[in-house]
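Asker: One structure, as structure tokens, below. Some questions next.
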Amino acid sequence: MAANFALKELKTKTAAVLYDVGNDYSKGLAEFFKSTLEKGKGNALGYTMVYGVLRLINFAYGDIFMIGAFIGRYLISYFSLPMHAVFLIAMISTALVGYGIEKIAYKPLRGAPKISLLITAVGVSLFLECFLSLNALFTPNYIAFKRPFEIISYDFSLFTITNIQLIIFVITFSSLFLLYILIYKTKHGKAMRAVSYDRELSSLMGINIDWIISFTFIVGGAFAGLGGVLYGIAYPQINVFMGIMPGIKSFIAAVLGGIGIIHGAVIGGLLIGISEVFVSAFLSSTFRDGLIFIILFIVLLLKPGGIFGKWIEKV
Amino acid sequence: MKALEVSGLKKSFGGVVAVDNISFSVEHLSIIGPNGAGKTTLLKTITGIIKPLKGTIEFEGVSIEGLKPERIVKHGITMVPEGRRVFPHLSVKENLELGAYAINNSRLEAELFDLVLSTFPRLGERIKQLAGTLSGGEQQMLAIGRALMGNPKLLLLDEPSMGLSPIVTKEIFSLIDSINREKGISMILVEQNAHIATEHSHITFVLENGRIVLTGTSAEMKNNPRVIEAYLGV
């Protein structure tokens, strides 16, 4: 739980900084901070988990996130389902998408060189974006995401927080907690950590490697879907290419923290989010997206293993 | 009936024959031979990590060749891999629990756990430590303990002496002997160290270029000059 602890500590620090910037500013910033950052983090977790087990950068991750947002949108607009049902159905669907992608695109390449997997991952991502932007499907246009409830602001003397931010906050923390339990306290989690270290050895323990990899994609897909619906609620304009930037940011967050390391992804996500807030506040929001690539360059130049990475090169 | 029957086994890697027409059956066997003789390939074929080109492997009358490793573990064959491959970032306890992954019986698992800790008390002292922080000898004990957690009827040991000091090697082997004697678990011991292998087995094979070139009781093989020839490749 060290990661969570650090997270909370960082949060209070940031809150203090935000207050210093000025009250007017802090409202906008707080919203910015809460929403961009937290979903980035959720995504970064999925990235890092799939990477950890499969040693594969799943570039299609941002697109699963997008599919989650669209499914959420249709469920709300056409069926007016209650929120928990929307989350549940979206997560199950994206879990299946994750499972399907692994079965169709990655499993046949088991044992192939890493570069083939990487190219395939980019291919899957482009395919999903282009195929789903057909007019009969999601269309290439921005679509309104009908928010299922009104925004309520709670005014405290130091800051303002909306119910949406609260929901995102609570869901993010519970997902983190669930992932932690899954990976560190269950038999499946133990098997995932074993497979991540050495597949051949894990199979000698009686672990079904194929199932553990599929399972990782299922869990990763479910969390991407959850992130997508949350994104739709926070920013009610969705588009078939919406997964690209969050995808890249999560990837950079995971690299910054040390790819394959769970608490690294959390801290990486936080740092990226905080940096974005600072750049938007003190420079200009146009530099915001450029900044994260500068961060990526710096990490790759100075500490390619990331903050928590040990950079063990396996031969 | 012998526990394991291997007949006509063959495996090649890109035209290079690693194991050629190997047949044997096992109670307490050691396989020795120089580097590249095909010893590890043979063990990996039995555990299912690699698939044989030809030949059959029967365990307790059931054909197991070509099965996936996780299926073969369920038949009661576990392996202590070469170079003490433990999971270094997992605790000693978690390593042992992974050994019992295929066992869905918590009572049996608890019994096996007690058995392993009574065989290797040193592991009990270090139960919460990360496996990567153990000494070489302790890691080897952990690897053997982990293989025992799978409740094996046949234990495959791939070079347990590798990289260990003579004193630690002696300690490990006396434990291996007691496991074989007291628990009645069949064993295949693969060693480069012919002296150790012949001391701790009943039957010894000499493998050279993927073929069995010599067979005999371990006592005979111990003083057989042909064994040295096989190692030197003359």
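Asker: When you look at the Cβ of every residue in A:231-238, what mean number of other chain Cβ atoms sits within 10 Å?
Answerer: Taking all residues of A:231-238 together, the mean is 0.
Asker: Can you put A:I261, A:I248 in order, fewest other beta carbons within 10 Å first?
Answerer: A:I248, A:I261
Asker: Shifting gears a bit: What is the order of A:I252, B:I103, A:I298, fewest Cβ neighbours within 10 Å to most?
Answerer: Fewest to most other Cβ atoms nearby, the residues stand as A:I298, B:I103, A:I252.
Asker: Once the cut-off is 28 Å, how many percent of the Cα-Cα pairs in chain B end up in the long-distance tail?
Answerer: I get 29 percent for the Cα pairs in chain B exceeding 28 Å.
Asker: Go from 0 up to the bin containing the longest alpha carbon distance in the protein assembly as shown, width 20 Å each, and give me the % of pairs per bin.
Answerer: Calculated P(r), rounded to whole percents: 20, 43, 27, 10, 1.
Asker: Right, next: In the range B:124-178, which trypsin sites (Lys or Arg not before Pro) are in a loop and have at most 13 other Cβ atoms within 10 Å, using DSSP for the loop call?
Answerer: Filter output for the range B:124-178: B:K128.
Asker: Is there a quick way to get the dipole size of the range A:50-191? I mean about its Cα centre, with the Cβ of Lys and Arg at +1 and of Asp and Glu at -1; what is the value in debye to the nearest 20?
Answerer: The calculation lands at about 660 debye.
Asker: To continue, here is another question. Tell me, what HN-Hα J-couplings in whole Hz come from the Karplus equation 6.51 cos²θ - 1.76 cosθ + 1.60 at θ = phi - 60° for each residue of the range B:112-120, using x for Gly and Pro?
Answerer: Along the range B:112-120, the couplings run 5, 4, 4, 4, 5, 5, 6, 6, 10 Hz.
Asker: Decide, for the range B:57-124, between rounded, prolate and oblate: order the square roots of the alpha carbon gyration tensor eigenvalues as a ≥ b ≥ c, take rounded if a/c falls under 1.5, and otherwise choose prolate if a/b is larger than b/c, else oblate.
Answerer: prolate
Asker: Which whole-angstrom value gives the distance between the alpha carbon centres of the range B:155-213 and the range B:13-75?
Answerer: Using only Cα atoms to place each centre, the spacing works out to 17 Å.
Asker: Same structure again: Enter the mean number of other protein chain beta carbons within 10 Å of the beta carbon of each residue in A:189-201, as an integer.
Answerer: Per-residue shielding by partner chains comes out at 4.
Asker: Provide the packing ranking of B:28-39, B:81-92, B:219-230, A:265-276, i.e. peptides ordered by the mean count of other C-beta atoms within 10 Å per residue, highest first.
Answerer: So the order, starting with the most tightly packed, is A:265-276, B:28-39, B:81-92, B:219-230.
Asker: Cα convex hull of the range A:171-232: how many Å³ per residue?
Answerer: 69
Asker: Still on this model: In percent, how large is the relative contact order of chain B, given Cα pairs closer than 8 Å and 6 or more residues apart?
Answerer: So the answer I get is 27 percent.
Asker: So, one more: Arrange B:T78, B:T119, A:T186 by Cβ neighbour counts within 10 Å, fewest through most, would you?
Answerer: Listed from fewest to most nearby Cβ atoms, that is A:T186, B:T119, B:T78.
Asker: Okay, moving on. Tell me whether the range A:98-221 comes out rounded, prolate or oblate; compute the Cα gyration tensor, take square roots of the eigenvalues as a ≥ b ≥ c, and use a/c under 1.5 as the rounded threshold.
Answerer: oblate
All of the numbers you see were taken from the coordinates with simple rules; none came from a lab. The model shown is predicted, which means the values in this text are computed figures rather than measured ones. Reconstructed Cβ throughout: ideal geometry from the backbone, glycine too, with neighbour counts over all protein chains shown.
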